Amino acid sequence: MATTTRGVILVGHGGIPKGCPSELITKLKRLEGQRRAAGTPMSAEEHELDTRVRQWPRTPETDPYQSGLEAVAAQLRANLGDVLFAVAYNEFCAPTLEESVDELIKKGATHITVATTMFTPGGSHSEVEIPEILDHLRPQYPGVELRYAWPFDLKLVAHTLTEQVKRFY
């Protein structure tokens, strides 16, 4: 009987770090827009810019979003117990979802559940990009079950928001 090794990846949006030149971001987003409009693969130039931005040096002061996601991830990891765990970002920050899936598989994960911090319907990252990435990865890892914990139960999201609002009454 095969052993199941569970992994979880928390995907956040990703933020632009302070100090990263705005012209890099502008050029990256322009190339991304052209690629999406044309339906073509990422060019070498876009890939190089994407990597450069994702690898930009970060601290809690220069990228508070990354620090915040890492804090949520640490609590989630503690809540889940004995699972392999990784964080990933849709843009601007490393690692990518593809890199995190690869990392967990190298550590022995056979069942990976991907969750995002983007809770509401209608977002291109949560509704389009993450499923597309997982669909692209599944044939590369036929012995691994890749699941996406989506969509969120909006009643549970509303409950969490209610509790948050009540803290400030």
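The values are calculated or read from the model by the stated rules, or taken from the named source; none is laboratory data. For clarity, every value in this text was computed on a predicted model and none was experimentally measured. Note: ideal-geometry Cβ built from the backbone for every residue, glycine included; neighbour counts use all protein chains shown.
Is it true that L161 is within 15 Å of the chain's Cα centre (by Cα) and either surrounded by 10 or more Cβ atoms within 10 Å (Cβ to Cβ) or outside any loop (DSSP other than H, G, I, E, B) (or both)? Against the criterion (within 15 Å of the chain's Cα centre (by Cα) and either surrounded by 10 or more Cβ atoms within 10 Å (Cβ to Cβ) or outside any loop (DSSP other than H, G, I, E, B) (or both)), L161 does not qualify. For the stretch 1-35, the tally of residues that are part of a helix (DSSP H, G or I) and of a type outside the set (A, V, I, L, M, F, W, C) stands at 10. I'd like to know if the stretch 71-79 contains one or more residues that are within 24 Å of W150 (Cβ to Cβ), exposed (fewer than 14 other Cβ atoms within 10 Å of the Cβ) and of a type in the set (K, R). No, the conditions are met nowhere in the stretch 71-79. For the stretch 80-94, the tally of residues that are in contact with a helix residue (DSSP H, G or I) (Cβ under 7 Å, 6 or more places away or on another chain) and under 17 Å from E48 (Cα atoms) stands at 4.
Candidates Y148, Y65: the one that is buried (at least 16 other Cβ atoms within 10 Å of the Cβ), without any contact (Cβ under 8 Å) to a residue 60 or more places away in the chain and under 25 Å from V53 (Cα atoms) is Y65.
Being farther than 29 Å from T110 by Cα, loosely packed, with under 12 Cβ neighbours inside 10 Å and not assigned by TED's automatic domain parsing to the domain that holds H136: is that true of E32 here?
Criteria not met by E32.
When the stretch 112-169 is filtered for residues that are aromatic (F, W, Y) and closer than 21 Å to R77 by Cα, the ones remaining, listed by number, are F119, Y148, W150, F152.
Scanning the stretch 75-107 for residues that are of a type in the set (S, T, N, Q) and touching an Asp or Glu at 6+ places or on another chain (Cβ under 7 Å) gives a single hit, N90. Within the option set V114, V157, being closer than 25 Å to T51 by Cα and not assigned by TED's automatic domain parsing to the domain that holds R36 holds for one residue only, V114. Of all residues in the stretch 10-30, those that are at positive phi have Cβ atoms under 8 Å from Cβ atoms of residues that are part of a loop (DSSP other than H, G, I, E, B) and surrounded by 12 or more Cβ atoms within 10 Å (Cβ to Cβ), 6 or more apart or on another chain, in G14/N90; G14/E91; G14/F92; G14/C93; G19/W56; G19/T62.
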